[in-house]
Amino acid sequence: MIPLAIPNIGNREGEYLQACVQENYVSSVGRFVTRFENELATLSGTHSAAAVGSGTQALHLALHVLGVRRDDLVIVPSFTFIASANAISHCGASPWFVDVDEESWTLSASGVEKALLAKTRRVDGNLIHVPTGRRVAAILPVYTLGTVAEMDRLGEIARRFGLALVADAAAAIGVTYQGRPIGMCADLTTYSFNGNKTITTGGGGAVVGPDTNLVKRVKHLSSTARTSPDYDHDEVGFNYRMTNIEAAVGCAQMERLPEFLAAKRRIRDRYDVAFADIPGIRAFPRPISGEGAFWFSGLIIDDARLPSVKELCARLKERDIEARPFWKPVHAQPPYRDAPAETLNVTEALWSKIITLPCSTSLTDDEQCRVVDSLKPMLALL
């Protein structure tokens with residue numbers, strides 16, 4: 001079976017894991033946690049980072065630290081993995097869905113601005129969503145497939161309306177925007193290190209940002225808000241710490257990040273070239289500004305005469321090739337069907353047409369050729 005996206009683990013990960021065992025630092029304290037955080041901060045263009053147990057935990061803490069509270073609304077695309085919305089719900093708040101840009105698949109800045117101008121007003125210093133009477137607290141763009149959203153414009157909108165800006169960069173490790181590291185683009189930015197991400201710690205996530213005090217507060221709250229070895233705690237905290245074992249894997253993965261990013265680019269390029277002349281399909285978008293991470297690769301099936309994405313996945317599985325549909329929009333999921341939403345034309349038209357293809361950083365040329373040779377005959381229009 002050629003898998004969709006799996007970790008690329010080598011000897012160095014084993015060496016670092018063995019060091020954790022030998023040094024007897026396997027929990028949330030150890031030199032690899034500190035090293036991993038320092039390397040993430042440097043990569044992100046920030047002075048500090050807080051490593052946590054998952055990307056969802058990172059988002060939850062970032063939103064919490066920036067003041068998102070019960071009954072608030074957070075603007076977010078529906079075209080995202082459900083974890084983006086779940087982190088909002090963990091704060092007791094609700095998502096307010098705005099559509100994505102058709103070219104980038106990231107949150108539409110013009111859509112956000114239009115929604116805020118049409119649906120909000122200032123009441124006693126708070127920005128209120130008129131249809132629900134709820135406070136709007138933040139904007140949460142998602143860097144879909146590792147493509148950075150229109151962060152300059154979204155940042156200007158956030159400042160104008162007095163909103164926090166949190167970036168879900170789960171799949172965007174190692175990319176830049178307008179020549180800048182992405183950690184400087186939002187109040188706080190979060191990463192995921194799940195097993196299918198470009199680099200992994202097995203699970204794991206992290207929060208970075210330009211304000212060191214905000215990141216310190218994230219780290220404090222992730223460690224049960226403990227203030228001394230005598231079990232003193234100054235507020236309600238969370239047990240969201242990354243373990244030294246996870247960080248050890250992350251440190252080894254960081255050493256290979258340039259190699260992994262290059263592999264992701266090569267895989268995307270090969271698919272784009274291989275299917276460029278096939279009628280009825282389109283390639284995944286590429287970032288207009290800055291470098292993309294090309295986390296997933298695949299195709300958009302635009303012609304209704306072609307087999308459905310579900311059928312293509314089933315037929316590829318028969319050939320021992322794993323392919324999958326893309327995320328079902330969050331507004332269509334049962335927990336979020338009643339959440340406020342703007343018109344989502346791009347999201348509705350796009351999501352069911354997307355097929356993701358094998359794109360592990362360890363994917364060989366021969367394996368990718370096998371994927372292409374298996375899929376091409378299925379896409380032939382009579």
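Please enumerate the residues belonging to segment 189-208 that are more than 19 Å from Cys20 (Cβ to Cβ) and either in contact with a helix residue (DSSP H, G or I) (Cβ under 6 Å, 6 or more places away or on another chain) or among the hydrophobic types (A, V, I, L, M, F, W, C) (or both).
The answer is Thr189, Thr190, Ser192, Thr198, Gly205, Val207, Val208.
Looking only at residues in segment 266-290 that are within 22 Å of the chain's Cα centre (by Cα) and either part of a strand (DSSP E or B) or modelled with pLDDT under 95 (or both), which one is surrounded by the most Cβ atoms within 10 Å (Cβ to Cβ)?
Pro287
For segment 195-216, give me each residue that is surrounded by fewer than 21 Cβ atoms within 10 Å (Cβ to Cβ) and part of a strand (DSSP E or B).
Gly202
Each row is one residue, and each column tells you yes or no for (1) touching a residue at least 60 places away in the same chain (Cβ under 8 Å); (2) out of contact with any Leu (no Cβ under 9 Å at 6 or more places or on another chain).
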site: Gln57; (1), (2): yes, yes
site: Leu63; (1), (2): yes, no
site: Glu102; (1), (2): yes, no
site: Ala109; (1), (2): no, no
site: Arg121; (1), (2): no, no
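If I ask for residues that are more than 21 Å from Pro335 (Cβ to Cβ), among the aliphatic types (A, V, I, L, M) and assigned to a helix (DSSP H, G or I), which ones from segment 81-133 would you list?
Across segment 81-133, the qualifying residues are Ala109, Val112, Ala115, Leu116, Leu117, Ala118.
Answer yes or no: is there a residue in segment 65-76 that is in contact with a Phe, Trp or Tyr (Cβ under 7 Å, 6 or more places away or on another chain), in a helix (DSSP H, G or I), crowded, with 24+ Cβ neighbours inside 10 Å and of a type outside the set (Lys, Arg). Lay out the reasoning, then the answer.
Taking segment 65-76 and keeping what is in contact with a Phe, Trp or Tyr (Cβ under 7 Å, 6 or more places away or on another chain), we get 73-76.
From the residues that got through so far, the ones that are in a helix (DSSP H, G or I) too are none.
Checked against the condition, which is being in contact with a Phe, Trp or Tyr (Cβ under 7 Å, 6 or more places away or on another chain), in a helix (DSSP H, G or I), crowded, with 24+ Cβ neighbours inside 10 Å and of a type outside the set (Lys, Arg), segment 65-76 yields no hits at all.
Is at least one residue of segment 317-329 in contact (Cβ under 8 Å) with a residue 60 or more places away in the chain and aromatic (Phe, Trp, Tyr)?
Yes, there is a match, as at least one residue in segment 317-329 is in contact (Cβ under 8 Å) with a residue 60 or more places away in the chain and aromatic (Phe, Trp, Tyr).
Checking the structure you have, find out if any residue of segment 168-187 is part of a strand (DSSP E or B) and of a type in the set (A, V, I, L, M).
Start the filter on segment 168-187 by keeping residues that are part of a strand (DSSP E or B), which leaves 168, 176-177, 180-181.
Next, from what is left, pick out any that are of a type in the set (A, V, I, L, M): none.
Within segment 168-187 (the criterion being part of a strand (DSSP E or B) and of a type in the set (A, V, I, L, M)), the answer is no, since none of the residues qualifies.
In this structure, does Gly174 turn out to be on the phi > 0 side of the Ramachandran plot and crowded, with 24+ Cβ neighbours inside 10 Å? Outline the logic, then answer.
On the way: on the phi > 0 side of the Ramachandran plot: yes; crowded, with 24+ Cβ neighbours inside 10 Å: no.
Against the criterion (on the phi > 0 side of the Ramachandran plot and crowded, with 24+ Cβ neighbours inside 10 Å), Gly174 does not qualify.
Looking at (1) within 18 Å of the chain's Cα centre (by Cα); (2) not in a loop (DSSP other than H, G, I, E, B), which one does Phe294 not meet, given that it meets all the others?
(2)
Starting from segment 128-144, keep only residues that are at pLDDT 95 or above, then list their pairs with residues that are of a type in the set (Ser, Thr, Tyr) and surrounded by fewer than 24 Cβ atoms within 10 Å (Cβ to Cβ) whose Cβ atoms are within a distance under 8 Å, requiring at least 6 positions of separation or different chains.
Ile128/Thr120; His129/Thr120; Val130/Thr120; Arg134/Ser94; Val136/Thr120; Thr144/Ser104
If I ask for residues that are loosely packed, with under 14 Cβ neighbours inside 10 Å and farther than 21 Å from Phe260 by Cβ, which ones from segment 2-33 would you list? Explain how you work it out, then say what you get.
So in segment 2-33, the residues loosely packed, with under 14 Cβ neighbours inside 10 Å come out as 10-11, 14-15, 18, 21-24, 27, 29.
Across segment 2-33, the qualifying residues are Gln18, Val21, Gln22, Glu23, Asn24, Ser27, Val29.
Scan Pro334, Pro325, Pro340 and give me the residue that is over 21 Å from the mean Cα position of the chain (by Cα), under 21 Å from Ala83 (Cβ atoms) and surrounded by 13 or more Cβ atoms within 10 Å (Cβ to Cβ).
Details: Pro334 fails: surrounded by 13 or more Cβ atoms within 10 Å (Cβ to Cβ); Pro325 fails: over 21 Å from the mean Cα position of the chain (by Cα).
Result: Pro340 is the single residue among Pro334, Pro325, Pro340 that is over 21 Å from the mean Cα position of the chain (by Cα), under 21 Å from Ala83 (Cβ atoms) and surrounded by 13 or more Cβ atoms within 10 Å (Cβ to Cβ).
Return the only residue of Ala115, Ala83, Ala93 being more than 30 Å from Gly237 (Cβ to Cβ), in contact (Cβ under 8 Å) with a residue 40 or more places away in the chain and assigned by TED's automatic domain parsing to the domain that holds Pro141.
On the way: Ala83 fails: more than 30 Å from Gly237 (Cβ to Cβ); Ala93 fails: more than 30 Å from Gly237 (Cβ to Cβ).
Answer to the check: Ala115.
Is segment 345-355 home to any residue that is at pLDDT 95 or above and among the acidic types (Asp, Glu)? Steps first, answer last, please.
Taking segment 345-355 as the starting set, the residues that turn out to be at pLDDT 95 or above are 345-355.
Next, from what is left, pick out any that are among the acidic types (Asp, Glu): 348.
Yes, that holds for at least one residue.
State all residues of segment 231-255 that are crowded, with 21+ Cβ neighbours inside 10 Å, out of contact with any Lys or Arg (no Cβ under 8 Å at 6 or more places or on another chain) and polar (S, T, N, Q); if no residue qualifies, say none.
Scanning segment 231-255 gives Thr243, Gln253.
The values are calculated or read from the model by the stated rules, or taken from the named source; none is laboratory data. Note that this is a predicted model, so its numbers are computed, not measured. Virtual Cβ from ideal backbone geometry, glycine too; neighbours counted across all protein chains shown.
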